[in-house]
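Undergrad: Mind having a look at this structure? Questions to follow.
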Amino acid sequence: QVQLVESGGGLVQPGGSLRLSCAASGTIFRMYAMGWYRQAPGKQRELVARKTSGGITNYADSVKGRFTISRDGARNTVYLQVDSLTPEDTAVYYCNAERDGLEYWGQGTQVTVSS
């Protein structure tokens, strides 16, 4: 069983930044691929960034150069640094842990980009 708890969302102006955090418990953190997804109103959930246990990272084209995913094994935490935010980044951001086809999700954290 894996528990994921996100934090760090909020209201930010266009061009601003946030750091989202996802604390994982109940698992051997280093064995899981960790990712961030987002879901905007009326849209499907989409992958934002993902980092495998081996360190391979991939990003959605829409966030490349603006978002950075990182993992801290000592804290069992994955981060998403989000910079140069635009209103199109407004969504609920979800943390995901995956291993051998099994997936776990956090409850989500709201990011709203508005002036």
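Undergrad: Cβ-Cβ under 6 Å, sequence separation 6+ or interchain: first residue in the range 99-115 and under 15 Å from C22 (Cα atoms), partner hydroxyl-bearing (S, T, Y) and in a strand (DSSP E or B). Which pairs?
TA: W105/Y94; G106/Y94; G108/Y94; T109/Y93; V111/Y93
Undergrad: Next question, about the same structure. Taking the conditions exactly as written (among the basic types (K, R), part of a strand (DSSP E or B) and buried (at least 18 other Cβ atoms within 10 Å of the Cβ)), does R38 satisfy them or not?
TA: Against the criterion (among the basic types (K, R), part of a strand (DSSP E or B) and buried (at least 18 other Cβ atoms within 10 Å of the Cβ)), R38 qualifies.
Undergrad: Restricting to the range 16-35, give me the number of residues that are more than 13 Å from the chain's Cα centre (by Cα) and surrounded by 17 or more Cβ atoms within 10 Å (Cβ to Cβ).
TA: Final tally of qualifying residues: 2.
Undergrad: Another one. Considering V63, V12, V48, which residue is within 21 Å of V113 (Cβ to Cβ) and touching a Leu at 6+ places or on another chain (Cβ under 6 Å)? It would help to see each step written out before you state the result.
TA: On the way: V63 fails: touching a Leu at 6+ places or on another chain (Cβ under 6 Å); V48 fails: touching a Leu at 6+ places or on another chain (Cβ under 6 Å).
From the options V63, V12, V48, the qualifying one is V12.
Undergrad: Also, quick follow-up: Among the residues that make up the range 58-72, is at least one of them within 15 Å of G106 (Cα to Cα), in contact (Cβ under 8 Å) with a residue 12 or more places away in the chain and under 11 Å from the mean Cα position of the chain (by Cα)?
TA: Scanning the range 58-72 turns up no residue that is within 15 Å of G106 (Cα to Cα), in contact (Cβ under 8 Å) with a residue 12 or more places away in the chain and under 11 Å from the mean Cα position of the chain (by Cα).
Undergrad: How many residues does the range 58-85 hold that are among the basic types (K, R), outside any strand (DSSP E or B) and open to solvent by 50 Å² or more (accessible area, probe 1.4 Å)?
TA: The number of residues fulfilling the criteria is 2.
The values are calculated or read from the model by the stated rules, or taken from the named source; none is laboratory data. All of these numbers come straight from a predicted model, not from anything done at the bench. Here the Cβ is made from the backbone with ideal geometry for all residues, glycine too, and neighbour counts use every protein chain on show. Heads up: the accessible areas ignore ligands, DNA and RNA and are worked out on the full protein's heavy atoms, side chains in. Shrake-Rupley method; radii C 1.70, N 1.55, O 1.52, S 1.80 Å.
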